[in-house]
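The values are calculated or read from the model by the stated rules, or taken from the named source; none is laboratory data. Just so we're clear, the structure is a prediction, and the values are computed from it rather than from any experiment. Neighbour counts run over all protein chains shown; Cβ positions are idealised from the backbone, glycine included. Each accessible area value is taken on the protein alone, full model and side chains, heavy atoms only, with ligands, DNA and RNA left out. Shrake-Rupley method; radii C 1.70, N 1.55, O 1.52, S 1.80 Å.
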Amino acid sequence: MEIIFEGIKQAFLLLVYGDHEIWQITWLSLVVSGIATLLSLCIGIPLGSFLGLSRFTGRNLLVSLINTGMGSPPVVIGLIVSISLWRNGPLGFLHILYTPIAMIIAQIIISLPIITSFTLTAIQQLDPKLRLQILALGASRVQMIWLLMNEARLPLLAAIMAGFGAVISEVGASIMVGGNISGHTRVLTTAIVGENSKGNFSLAIALSLILMVLVYMVNFILTMIQQRTKLR
Amino acid sequence: MIGYVIFMKKVSGFIGILWVFAIGFTLGAAQAKQKEIILATTTSTQDCGLLDLLIPIFEKKTGYFVKTIAVGSGQAMAMGQRGEADVLLVHSPESEERFMAEGSGINRRLVMHNDFIIVGTPEDPAGIKGMKSSSEAFRKIAALGIYISRGDNSGTDVKERSIWKAAGINPQGQRWYQQTGLGMGQTLNVAAEKRAYTLTDRGTYLTLQKHLGLSILVEGDAALANTYRIIEVNPDKWQKVNAQGAKAFSDFMVSKKIQKIIKDFGKDRYGSPLFFPDAFKDEKLKMKN
Amino acid sequence: MKEDIILEAKELSVVLGGHQVLQIPFLAVSSGEVLAVIGPNGAGKTTLLLSLALLLKLDKGKILYQGKEITDGERLRLRRKFAVVFQEPLLLSGSVWENVTLGMRLRGVEKETIRARADRWLESFDIAHLAKRQAKRLSGGEAKRVSLAQAFALQPEILFLDEPFVGLDTPTHQAIIDDFSRVLQREKVTTVMVMHDHDEVLALASRVAVMLNGSIRQVSSAQTVFSSPVDEEVASFIRAGNILFGTVISQNNGLAQVKVNEQLIEAVTDLACGTPVIIYLSYDAVTISVAARQPSSARNYFSGKIKRIMTNGQLAKIEIDCGFPLIAMVTRISVQELEMAQGKSVNASFKSTAIHLIKR
């Protein structure tokens, strides 16, 4: 127990005294997972909307693949991404293994199926006649998708939370493709693993607390937006 | 609706900022490309904090950017064999010799040593405390104790297997023999929790000592020597290897100044040094590995 | 009249799930008319409406706007000249104001114009006080008014409505229809509406298209369709009857006299004196006799000459001229027994309660 109190105390001190490395690790976590989530949104929302609005052969296959992707273990994705990014691998020419970009790529692959699937469900839950009504009001296809997403924004915000939550708390893929390099690719989760194996348990707990507070704050903001629009 | 549109405008602004970051990262990565070295190393050198001390000195001096990938010696050499690392800092002499023999590495140099120790719960159910022979001690553990193994093909793991071999015991599949597949630090934690025995490098043990409640039971056997060597990955085999950087790092590790730092590392915190610099000793004079 | 045609459908064909749901060789919508599309459930009325409103991809056929075929690239531009009111008011989240202005915003109408039109139409449908309310929290009647205001605010060249007055409770229903017909008369907007209720058709439509099984069987004025359906199927669907135009001239606690041509018909209604009305009287409700007047509960009793006898199987339609045209449906046996023939004088009677009055 005292190790936990020690950890809480240390977390507090680290934050109050503004330990540079801690801030840097926290910031990198936020940036890497934030960019990964946003890029996943940029792909997943249009993709999910498209799948939710159209019917074509092979659609069910694609949807079930995406739903399977929701459950694929991050370490497997980490392994595949790192093998692809090896210097002598198929994408080695990019020279991005052990960089934040590689971590972003892995995290996009992790969060994309989640966001796509949530979007698909959100759009499908809408009354199909709503599309006709929106088109009848004179909407172009883009305007229609925009309005439908606006209608489905509660589940879509849930998609953002689920996607972001999955990547910021993920460690396996991040350590494999990022390498946990101090000052470069060390994020909260990989730092926690590292500090734990170094025996710095109180620092590991401090980092865990920061991670939890961070996840909580992001979800709190999104929940505020979600619930406010609902009550307004 | 209107509120939402405003919100989305704010979000778009935020996305813009993040894109700038992303582009910054990309450019940074592209720039780092020529100046970066991938160092694949054993977890012990990372976990004890030695590399955290040395690498910034190296980076400041040379302008190279070192990406330290801390894995077991076995995996570090596997990375070297595929040309996925530039320079290796490892402690698994037999595997190293094979690595050199197949032409994967060049310029293998001794950097430092410390020793392996057998640690265990202070109650010592197998009664190995003070024994001089590691293989004898292993036989007793096999009979009366629980042994926690890394099982990850790291330098420590390879060393442990050689001792079992010397003891004439095949521990695989035995009930008293458990493999963690984790790094040294975590394996020590598991051993402490299970009141078991394990083989560890002295450095990691000293770093974690205060949390563990494990005692040093066997030490000083010549068979327990733990030597760290630096190997540059053969650039003739893999053209993408940063040969210059690897050479620079290798030279740096055996330089006088760094060897002095290694000699003093850990004295202030643990009372005794964690490593003994070896670069200026004749290979033949040092402990037989 | 050709130049007045605004929208035409030619050789329309829609197949859904291997089922031919629509087959329309030709249908034209003239500028300024109110065309009602009626028919039983599943006849394809909504499909036709959506096709005309360019909301449905056609399997075959074409839609012409002002005589020119509409290409795929023009659909959005033309859709923006139309407005559609659906059966359920499909409002989006946001306030009533946001919903009423949404179509105009999508169409790029200027801000000032949007404000003016929204104000005007919220006022017209008596929902100005709801402007700030959440659209999803309205009652059915309020939501219907919002969706009507939303459509009218677009100032469409053609207004499409799909059974707009279904599912409302009686007082709300009547109030909304009153508002709607008042607006329709004022605006004179070309309207195509799928309808269900005969009273509404008679009150609102200038032309009626009867649809059965995916095709249009008859298109003519409401009066013609109801009084002379082209065939039995149409007749049985529309419950054909006498359609007469008149004006209420006296009112006595619910019993009124309606003047039709020079004759007076007694009917049960609350409508006030001076109200122009349509009288609907089922063919079956008219009794024919040849003897002198017998005491009877029938309040309406007219004498006249048989103009025409139309037999069809065991039934015969007898058209009598009694100051206004009146048709009675009788059996062939009655025709023989009463020795009915063209030119013969007969008496026709019907109860005032059998008369259905619709405000014009």
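Here are the numbers for this structure:
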read-out	value
Test: residue in the range C:330-339 that is touching a Ser or Thr at 6+ places or on another chain (Cβ under 7 Å), open to solvent by 40 Å² or more (accessible area, probe 1.4 Å) and free of Cβ contacts under 8 Å to residues at least 24 places away in the same chain	yes
Any chance B:V87 is crowded, with 17+ Cβ neighbours inside 10 Å and under 27 Å from B:A143 (Cα atoms)	no
Residue, nearest to the other protein chains (Cβ to nearest Cβ), within the range A:140-159, restricted to residues that are of a type in the set (A, V, I, L, M, F, W, C), in contact with a helix residue (DSSP H, G or I) (Cβ under 8 Å, 6 or more places away or on another chain) and more than 16 Å from A:G44 (Cβ to Cβ)	A:L147
Inter-residue pairs, beta-carbon under 6 Å, first closer than 25 Å to C:K259 by Cα and in the range C:229-246, second open to solvent by 80 Å² or more (accessible area, probe 1.4 Å), 6+ apart	C:G246/C:K259
Count of residues meeting criterion [surrounded by fewer than 19 Cβ atoms within 10 Å (Cβ to Cβ) and either touching a strand residue (DSSP E or B) at 6+ places or on another chain (Cβ under 6 Å) or within 18 Å of C:E74 (Cβ to Cβ) (or both)] in the range A:120-144	4
Criterion: part of a helix (DSSP H, G or I) and either open to solvent by 20 Å² or more (accessible area, probe 1.4 Å) or at pLDDT 90 or above (or both) - qualifying residue of A:A162, A:A206	A:A162
Qualifying helices (runs of 4 or more DSSP H) (wholly inside the range B:145-245; at least 2 residues being within 14 Å of another protein chain (Cβ to nearest Cβ))	B:184-193, B:202-212
Criterion violated by C:N253 - all others in (1) at pLDDT 90 or above; (2) exposed (fewer than 14 other Cβ atoms within 10 Å of the Cβ) satisfied	(1)
The range B:121-159: number of residues that are of a type in the set (G, A, S) and on the phi > 0 side of the Ramachandran plot	3
Cβ-Cβ under 6 Å pairs, at least 6 apart or on other chains, the range A:42-62 side within 23 Å of A:G163 (Cβ to Cβ), far side open to solvent by 70 Å² or more (accessible area, probe 1.4 Å) and part of a helix (DSSP H, G or I)	A:G52/A:Q124
Criterion violated by B:I106 - all others in (1) within 14 Å of chain A (Cβ to nearest Cβ); (2) surrounded by fewer than 21 Cβ atoms within 10 Å (Cβ to Cβ); (3) hydrophobic (A, V, I, L, M, F, W, C) satisfied	(1)
Looking only at the range B:31-71, and only at residues there that are in contact with a strand residue (DSSP E or B) (Cβ under 8 Å, 6 or more places away or on another chain), open to solvent by 10 Å² or more (accessible area, probe 1.4 Å) and in a loop (DSSP other than H, G, I, E, B), the one that is nearest to the other protein chains (Cβ to nearest Cβ)	B:V71
Selected residue (criterion: farthest from the other protein chains (Cβ to nearest Cβ)) from residues of the range A:186-196 that are part of a helix (DSSP H, G or I) and surrounded by 23 or more Cβ atoms within 10 Å (Cβ to Cβ)	A:L188
Sole exception among (1) over 21 Å from the mean Cα position of the chain (by Cα); (2) open to solvent by 20 Å² or more (accessible area, probe 1.4 Å); (3) on the phi > 0 side of the Ramachandran plot; (4) at pLDDT 90 or above for C:G32, by number	(1)
Flag if B:G213 is touching a helix residue (DSSP H, G or I) at 6+ places or on another chain (Cβ under 7 Å) and either of a type in the set (D, E, K, R) or in contact (Cβ under 8 Å) with a residue 24 or more places away in the chain (or both)	yes
Residues satisfying the stated conditions in the range C:45-61, i.e. at pLDDT 90 or above and either part of a helix (DSSP H, G or I) or open to solvent by 50 Å² or more (accessible area, probe 1.4 Å) (or both)	C:K45, C:T46, C:T47, C:L48, C:L49, C:L50, C:S51, C:L52
Condition check for B:Q75: among the polar types (S, T, N, Q), in a helix (DSSP H, G or I) and within 24 Å of B:D264 (Cβ to Cβ)	no
Test: residue in the range B:91-101 that is under 22 Å from B:A166 (Cβ atoms), open to solvent by less than 20 Å² (accessible area, probe 1.4 Å), more than 14 Å from chain A (Cβ to nearest Cβ) and assigned to a helix (DSSP H, G or I)	yes
Of all residues in the range C:95-114 being hydrophobic (A, V, I, L, M, F, W, C) and more than 10 Å from every other protein chain (Cβ to nearest Cβ), the one that is most open to solvent (accessible area, probe 1.4 Å)	C:I114
Cβ-Cβ under 9 Å pairs, at least 6 apart or on other chains, the range C:275-302 side crowded, with 19+ Cβ neighbours inside 10 Å, far side acidic (D, E)	C:I278/C:D199; C:Y280/C:D199; C:N300/C:E266
Pairs, first under 10 Å from B:L217 (Cα atoms) in the range B:107-134, second open to solvent by 10 Å² or more (accessible area, probe 1.4 Å) and of a type in the set (V, I, T), C-beta under 8 Å, six or more apart	B:I117/B:I216; B:I118/B:I216; B:V119/B:I216
Failed item in (1) buried (at least 18 other Cβ atoms within 10 Å of the Cβ); (2) among the polar types (S, T, N, Q); (3) outside the structural domain of B:V119 (by TED's automatic domain parsing); (4) modelled with pLDDT under 90, with B:N189 passing the rest	(3)
Candidate set: the range C:76-94, residues that are of a type in the set (D, E, K, R) and part of a loop (DSSP other than H, G, I, E, B); chosen: the one nearest to the other protein chains (Cβ to nearest Cβ)	C:R80
Residue match in the range C:58-74 (condition: β-branched (V, I, T), out of contact with any strand residue (DSSP E or B) (no Cβ under 6 Å at 6 or more places or on another chain) and farther than 30 Å from C:A235 by Cα)	yes
